[in-house]
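Reading through the C-alpha cells given below for one structure.
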Amino acid sequence: MAYKVFFVEDEIVTREGIRDRVDWRGHGFEFCGEAPDGEIALPLIQSLRPDVLITDIKMPFMDGLQLSRLVHDRMPATKIVILSGHDEFEYAQEAIKLGVTDYVLKPITVQDLHRTLHQVATELDRERQAQEQMERLRSQVEETRASLRQRLLLDLVVGAVSSTRAIE
C-alpha cells in the first residue's frame, strides 16, 4: 500500500520540479496534492489526510513551521519533512521541538529526496507493523477474556465452582 504525500512549496519551479522528477510510486508513495503556502495547504491536508507532509520552511501567509505545528497537533501520526534554504540553528531547533521527521537543506537533489522518502517509508512501515501487532494482541486478550468468562459461567452452572469463589 502506497503512503500518501502532500507537498508545500511557494517557489513554483521548485514545487513542479520536485513533483515531476521524484519517483513517488517507485518509493512507495502516492503524490496526493500540493500547495504554494501553508494557509492554502492546511484545509487540503485535513481533507486528504496524507501520511507525509513535505514543506518548505519560509513561505508567505503561513510558513512551514506554523503549518507543521498545526498538522502535528491535529494529525500526530503524519510524518513531516521540512525543506529549508536556511541553515539557521533556530529553525532546526524549532523543527525538532515539533517532532519533524527530517530537516533537509536546499538545494536538494532528487537522490536526496529519494533517500529521505526511503527513511520515512521505513519508519511508517515499522509503525504500521507495531499497530497491527497491538491490534492482534488486543484481539487475543478479548478472545481469552470471553473464553474465561464462558468457562466460569459453565463451572458455576454445573456446580464446579461456588459463587463465593467466583467473585474472588
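Things to note:
- In segment 5-35, the residues that are in contact with a helix residue (DSSP H, G or I) (Cβ under 7 Å, 6 or more places away or on another chain), surrounded by fewer than 18 Cβ atoms within 10 Å (Cβ to Cβ) and either more than 19 Å from GLN111 (Cα to Cα) or among the hydroxyl-bearing types (Ser, Thr, Tyr) (or both): GLY33
- Listed by first and then second residue, the pairs with beta-carbon distance under 8 Å, at least 6 apart or on different chains, first residue in segment 23-49 and over 19 Å from ASP10 (Cβ atoms), second hydroxyl-bearing (Ser, Thr, Tyr) and modelled with pLDDT under 95, form an empty list.
- Residue within segment 48-70 that is β-branched (Val, Ile, Thr), more than 19 Å from ARG19 (Cα to Cα) and open to solvent by less than 20 Å² (accessible area, probe 1.4 Å) present: no
- Flag for GLU127 being touching a residue at least 40 places away in the same chain (Cβ under 8 Å), acidic (Asp, Glu), surrounded by 12 or more Cβ atoms within 10 Å (Cβ to Cβ) and in a helix (DSSP H, G or I): yes
- When segment 78-90 is limited to residues that are open to solvent by 10 Å² or more (accessible area, probe 1.4 Å) and closer than 17 Å to THR116 by Cα, the one that is farthest from the chain's Cα centre (by Cα) turns out to be GLY85.
- Test: residue in segment 92-103 that is closer than 24 Å to ALA2 by Cα, open to solvent by less than 10 Å² (accessible area, probe 1.4 Å) and assigned to a strand (DSSP E or B): no
- Residues located in segment 37-60, provided they are touching a Leu at 6+ places or on another chain (Cβ under 7 Å) and part of a loop (DSSP other than H, G, I, E, B): ASP51, ILE57
- Within segment 61-76, considering residues that are more than 13 Å from the chain's Cα centre (by Cα) and assigned to a loop (DSSP other than H, G, I, E, B), the one nearest to LEU98 (Cα to Cα): ASP63
- Scanning segment 20-36 for residues that are among the small types (Gly, Ala, Ser) and not in a helix (DSSP H, G or I), we see that the one that is nearest to LEU113 (Cα to Cα) is GLY28.
- Sub-7 Å Cβ pairs linking a first residue in segment 107-124 that is touching a residue at least 60 places away in the same chain (Cβ under 8 Å) to a second residue that is in a helix (DSSP H, G or I), at least 6 apart or interchain, are VAL110/ARG21; LEU113/ILE18; HIS114/HIS27; LEU117/HIS27; HIS118/HIS27; ALA121/HIS27, ordered by first then second residue.
The values are calculated or read from the model by the stated rules, or taken from the named source; none is laboratory data. Quick caveat, the model's predicted, so the values are computed rather than measured. Using ideal geometry, Cβ is built from the backbone for each residue, glycine included, and neighbour counts are taken over all protein chains shown. Ligands, DNA and RNA are stripped out before the accessible areas are found, and what is left, the full protein with its side chains, is counted by its heavy atoms. Shrake-Rupley method; radii C 1.70, N 1.55, O 1.52, S 1.80 Å.
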